[in-house]
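The values are calculated or read from the model by the stated rules, or taken from the named source; none is laboratory data. All of these numbers come straight from a predicted model, not from anything done at the bench. Quick reminder, even Gly has a Cβ in these numbers, built from the backbone with ideal geometry, and neighbours come from all protein chains shown.
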Amino acid sequence: MRPSLAGKTLLITGASRGIGKAIALRAARDGANIAVAAKTHRKHPILPGTIYTAVEEINEAGGWGLAIRLDVRDEASVERAVEETVRQFGSLDILVNNASAIMLSGTRDLPTRRFDQMFATNVRGTYLMSRACLPCLAESDNPHVLNLAPPLNMNPAWFKDHVAYTMAKYGMSMCVLVMIFFPNIVEISSDKIIATAALNVLDGMVKPENCRTEEIMADAAHAVLCQNARHCTGNFFLDEDVLRATGLKDFDKYSVKRGEALMKDLFLDD
């Protein structure tokens, strides 16, 4: 039998677009229940998608979607999101901590409010979501918490240009280590940069044609989430390594533009 998430319930933060939505759609094709938890409930002037349009796509793909307005920085909002998910679907099997904030600025150039935003979203939000979901996850026969964050890498090169962002993302990563005694918490990151709406805030530092599509992260996440949770807890995965282990050899299908050189993602040494 092919690995499947049929009948599983996923709560995915930041799933109105990008990698979060791609993971949701991959699970939807199996027939999963997906709570799309994000802030965007009205059409954004620049960014694509809302929680409602994401749910429409999930339903069309064969899953069952639920739109939830969520601000991961707010504890009450987090608790409500978990309650709504369980009330709608009756259980919770998987939490995907995907919501994240980014600003690649140096110390003198980074506004304090953006520092606070990154730590409140990336670190506090991941912690609050994980804590709120744990009682429900403990009742699942194969519970997973999947964080979209990098492996911990103490190379000073990853701190010198954007120390605040690095610390905030590593805070998400450390949740894997400090919560390892809970059901199953793993980390997954990309080997190459993924073309998402986040490129819009990078001031042209990265061109889409030098990136991969969100689908590689969706397929890798699916492969991890279909594993026995107790056999892979506490691990840091790279999408390409996960998919190679499944036997995949052709990665060109994930290129935004075939034949173009791909940029390695942040926090990975050569």
Scanning region 156-182 for residues that are crowded, with 21+ Cβ neighbours inside 10 Å and under 12 Å from S130 (Cβ atoms), the one modelled with the lowest pLDDT turns out to be V176
Does region 75-96 include one or more residues that are in contact with a Lys or Arg (Cβ under 8 Å, 6 or more places away or on another chain) and closer than 17 Å to I23 by Cα?
-> yes
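Can you name every residue in region 235-266 that is of a type in the set (A, V, I, L, M) and assigned to a loop (DSSP other than H, G, I, E, B)? Reasoning before the result, please.
Initial filter on region 235-266 (of a type in the set (A, V, I, L, M)): 238, 242-243, 245, 248, 256, 261-263, 266.
Once the filter is applied, which keeps residues that are of a type in the set (A, V, I, L, M) and assigned to a loop (DSSP other than H, G, I, E, B), region 235-266 yields L248, V256, A261, L262, M263, L266.
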Six or more apart or on different chains, Cβ under 6 Å: which pairs go from a residue in region 132-145 that's β-branched (V, I, T) to one that's not in a helix (DSSP H, G or I)? Could you list them?
-> V145/L95; V145/I185
Can you find a residue in region 19-37 that is part of a loop (DSSP other than H, G, I, E, B), surrounded by fewer than 24 Cβ atoms within 10 Å (Cβ to Cβ) and in contact with a Leu (Cβ under 7 Å, 6 or more places away or on another chain)?
-> yes
Failed condition for V186, given (1) over 19 Å from G125 (Cβ atoms); (2) at pLDDT below 95; (3) touching a helix residue (DSSP H, G or I) at 6+ places or on another chain (Cβ under 7 Å); (4) not charged (D, E, K, R), with all others met?
-> (1)
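Against the condition more than 28 Å from T233 (Cα to Cα) and of a type in the set (G, A, S), how does A54 come out, does it pass?
Working: more than 28 Å from T233 (Cα to Cα): yes; of a type in the set (G, A, S): yes.
Taking the combined requirement at face value, the residue satisfies it.
I'd like the full set of residues that are part of a loop (DSSP other than H, G, I, E, B) and buried (at least 18 other Cβ atoms within 10 Å of the Cβ), limited to region 84-101. Don't jump to the end; show me each part of the working.
Of the residues in region 84-101, the ones part of a loop (DSSP other than H, G, I, E, B) are 90-93, 98-101.
Residues satisfying the conditions are L92, D93, N98, A99, S100, A101.
If I ask for residues that are among the polar types (S, T, N, Q) and either in contact (Cβ under 8 Å) with a residue 12 or more places away in the chain or within 16 Å of Y170 (Cα to Cα) (or both), which ones from region 101-122 would you list?
S105, T107, Q117, T121, N122
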